[in-house]
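Below is one structure, written out as structure tokens; comments come after it.
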Amino acid sequence: MPAFSFHMEPTPPFRLDLTAWALRRRAENLIDRWDGETYSRVLVLGNRPMTVAAVSIGTLDAPKLEITVRGLRRSSGVESEIKSVLAMMLGIWLDLATFYRIAERSKKLKFLAGQFLGLKPPRFPTVFEALVNAIACQQLSLTVGILLLNRLTAACGKKGDSGFRAFPRPSDLLGMGAEDMRGLGFSYAKARALLELARTVDSGKVDLEGLSELDDDTVRQTLVRMRGVGRWTAEYAMLRGLGRLSIFPGDDVGARKKLRDWLGVGGATGDMTYGRVNGFLSRWKPFAGVIYIHLLLSGLAEQGLVKV
């Protein structure tokens, strides 16, 4: 089996474990894997699946990653493309210096940022994957949503050399029918939405990656016109698929509760309306989405999954 390695040097500070968990979200995740030392995932370039693994061999302030690729021969084009995908997914060259300077002005944010110093807001490799994640998790716990995504990936994702599979591309998903997806545990409405999304993207009717050129309001309006996509799903995809770090998905009930508890504002979770969420976060523009990711990690730390 062909394999090769190379190094990447993230913009400091950087912690691979925190960033990997922000992608992984739950221990049950079979797509984004972390064994305590290595982050790995099966990616597909062209039609070729490969297993990409990253290990930290540097420090918080002088970070360095050793990347190993299995299942593909080395070429300058392949290495460059993998570096580009990993840089986006792991926020490798994202500079959060301004965020840390803003955090210094707030006791609460300074403590939160300090707890997870080195976390980079990660992104899914495609906007399509971000939308599928969001639709799968609608009105369900994140744990159940992850299990559905595992089943979907096992059913139609391309297999890598490790036996694990890549997250399905639109063309992979189109090999399934609504009843097949129902058998995996998806509701009929979600199955229909996901299949329509896959057809729309595969046919080229919508260029999801091209949305990166548009402003937030236009992106949001474009996405909510799709079947099964409401404001929360659109904003989740904007943050986790397009890297819009100013977006805090304000309709996320779990995130509202975390925000309420972190701010110590009291009241019921229902009192944290979409407008109040944005009002509270306005003082930390344009990093509301970075706070969303930090609060996610805070919840994982409370569960003992993340070491702080």
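The values are calculated or read from the model by the stated rules, or taken from the named source; none is laboratory data. Because the structure is a prediction, the values reported are computed rather than measured. Every residue, glycine as well, gets a Cβ built from its backbone with ideal geometry; the counts of neighbours run over all protein chains shown.
On the stretch given as the stretch 115-146, residues that are small (G, A, S) and closer than 20 Å to A27 by Cβ total 3.
If you check A189, A237 for being at negative phi, part of a helix (DSSP H, G or I) and loosely packed, with under 14 Cβ neighbours inside 10 Å, only one passes: A189. Can R26 be described as modelled with pLDDT of 95 or more and of a type outside the set (A, V, I, L, M)? Yes; evaluated as a whole, the condition is true for this residue. Of all residues in the stretch 105-141, those satisfying the criterion of being assigned to a helix (DSSP H, G or I), in contact (Cβ under 8 Å) with a residue 24 or more places away in the chain and more than 28 Å from R199 (Cβ to Cβ) are K108, L109, L112, A113, Q115.
Give R276, R283 a once-over and let me know the one that is more than 21 Å from the chain's Cα centre (by Cα), in a helix (DSSP H, G or I), in contact (Cβ under 8 Å) with a residue 24 or more places away in the chain and more than 24 Å from F124 (Cα to Cα).
R283
Test G266 against the stated conditions and say whether it is surrounded by 19 or more Cβ atoms within 10 Å (Cβ to Cβ), without any contact (Cβ under 8 Å) to a residue 40 or more places away in the chain and part of a loop (DSSP other than H, G, I, E, B). Answer is no for this residue. Out of all the residues in the stretch 1-23, is one or more charged (D, E, K, R), touching a helix residue (DSSP H, G or I) at 6+ places or on another chain (Cβ under 9 Å) and within 27 Å of C137 (Cα to Cα)? Checking the stretch 1-23: not a single residue is charged (D, E, K, R), touching a helix residue (DSSP H, G or I) at 6+ places or on another chain (Cβ under 9 Å) and within 27 Å of C137 (Cα to Cα). Select the strands (runs of 3 or more DSSP E) contained entirely in the stretch 34-75, then report the ones holding at least 1 residues which are at pLDDT 95 or above, loosely packed, with under 15 Cβ neighbours inside 10 Å and in contact with an Asp or Glu (Cβ under 8 Å, 6 or more places away or on another chain). Of the strands (runs of 3 or more DSSP E) lying wholly inside the stretch 34-75, none has at least 1 residues that are at pLDDT 95 or above, loosely packed, with under 15 Cβ neighbours inside 10 Å and in contact with an Asp or Glu (Cβ under 8 Å, 6 or more places away or on another chain).
In the stretch 15-31 there is no residue that is surrounded by fewer than 18 Cβ atoms within 10 Å (Cβ to Cβ) and more than 17 Å from the chain's Cα centre (by Cα).
A count restricted to the stretch 154-177 and to residues that are modelled with pLDDT under 95 and in a helix (DSSP H, G or I) stands at 0. Only one entry of L242, L281, L305, L296 meets the criterion of being under 23 Å from R15 (Cβ atoms), of a type in the set (A, V, I, L, M), out of contact with any Gly (no Cβ under 7 Å at 6 or more places or on another chain) and modelled with pLDDT of 95 or more, and that entry is L296.
Of the residues making up the stretch 197-215, those that are exposed (fewer than 14 other Cβ atoms within 10 Å of the Cβ), among the acidic types (D, E) and part of a helix (DSSP H, G or I) are E209, E213. The listed residues are G304, G289, and the only one of them that is among the small types (G, A, S) and either in contact with a Lys or Arg (Cβ under 8 Å, 6 or more places away or on another chain) or assigned by TED's automatic domain parsing to the domain that holds T233 (or both) turns out to be G289.
The set of residues in the stretch 161-185 being more than 19 Å from the chain's Cα centre (by Cα) and buried (at least 22 other Cβ atoms within 10 Å of the Cβ) consists of L173, M181. Being more than 18 Å from A20 (Cα to Cα) and either among the basic types (K, R) or buried (at least 18 other Cβ atoms within 10 Å of the Cβ) (or both) is the filter here; which residues of the stretch 89-111 pass it? Result: F99, R101, I102, A103, R105, K107, K108, L109, K110.
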